[in-house]
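Heads up: the structure comes next, in structure tokens.
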Amino acid sequence: MTEKLRPLIVTLDWRRNAQTVFKSVSYAGYTGILTAVKPKLFTLTINERGDKHGSGYIGILKWLLGDRNETWLGFLTRNVLENASGFTQAKTMLENTVMLAPAYFILGGNKSGE
């Protein structure tokens, strides 16, 4: 599978008003964010966390059936990277959002303890 996806890997420079907001590595055509850096502020990566109860599939099924109270992980990370002004705000946004599927967030800041 890795070799099939390799040609689709792109490095993106997300810009607003001719200024870089954040940079990410993704797959061509995917609009969410899996791993990125907001220069001089923080880095963010998601890692899936499966569970034996299939809660990720349940979340997707609920969403398909009209329950839009949970957030897709890739879009959550994109929102955080577009809008958080620093590590603390990014952490708060991640902690307070109900997600569609379980995941780990790897959030790194630019100060000791972050």
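Applying the selection to region 1-42, what residues are surrounded by 10 or more Cβ atoms within 10 Å (Cβ to Cβ), under 25 Å from Ala101 (Cα atoms) and without any contact (Cβ under 8 Å) to a residue 12 or more places away in the chain?
Across region 1-42, the qualifying residue is only Thr35.
Output the residue which, of all residues in region 96-114 that are assigned to a strand (DSSP E or B) and more than 12 Å from the chain's Cα centre (by Cα), is nearest to Ile58 (Cα to Cα). Before the answer, list the steps.
Applying the first criterion (assigned to a strand (DSSP E or B)) to region 96-114 yields 99, 103-109.
This time we only want the ones that are more than 12 Å from the chain's Cα centre (by Cα), so: 108-109.
Numbers: Gly108: 30, Gly109: 33 Å.
It comes out as Gly108.
Under 7 Å between Cβ atoms, at least 6 apart or on separate chains: pull out the pairs that start in region 73-87 with a residue that is within 15 Å of Ser24 (Cα to Cα) and end on any residue that is among the polar types (S, T, N, Q) and not in a helix (DSSP H, G or I).
Leu76/Thr97
State yes or no: is Leu81 in contact with a Lys or Arg (Cβ under 8 Å, 6 or more places away or on another chain) and closer than 13 Å to Ala103 by Cα?
Values: in contact with a Lys or Arg (Cβ under 8 Å, 6 or more places away or on another chain): yes; closer than 13 Å to Ala103 by Cα: no.
Taking the combined requirement at face value, the residue does not satisfy it.
Within region 1-52, can you find the residues that are in contact with a helix residue (DSSP H, G or I) (Cβ under 6 Å, 6 or more places away or on another chain), of a type outside the set (A, V, I, L, M, F, W, C) and assigned to a loop (DSSP other than H, G, I, E, B)?
The answer is Gly32, and nothing else.
In region 58-87, which residue that is of a type in the set (Ser, Thr, Tyr) and under 18 Å from Val21 (Cβ atoms) is surrounded by the most Cβ atoms within 10 Å (Cβ to Cβ)?
Among them, the one singled out is Thr77.
Which one of these does Ser55 not meet: (1) surrounded by 15 or more Cβ atoms within 10 Å (Cβ to Cβ); (2) polar (S, T, N, Q); (3) modelled with pLDDT of 95 or more?
The failed condition is (3).
Would you mind stating whether Thr88 is in a strand (DSSP E or B) and modelled with pLDDT of 95 or more?
no
The values are calculated or read from the model by the stated rules, or taken from the named source; none is laboratory data. If you're wondering where the values come from, they're calculated on a predicted model, not measured in any experiment. Glycine gets a Cβ as well: all are built from the backbone with ideal geometry, and neighbour counts include every protein chain shown.
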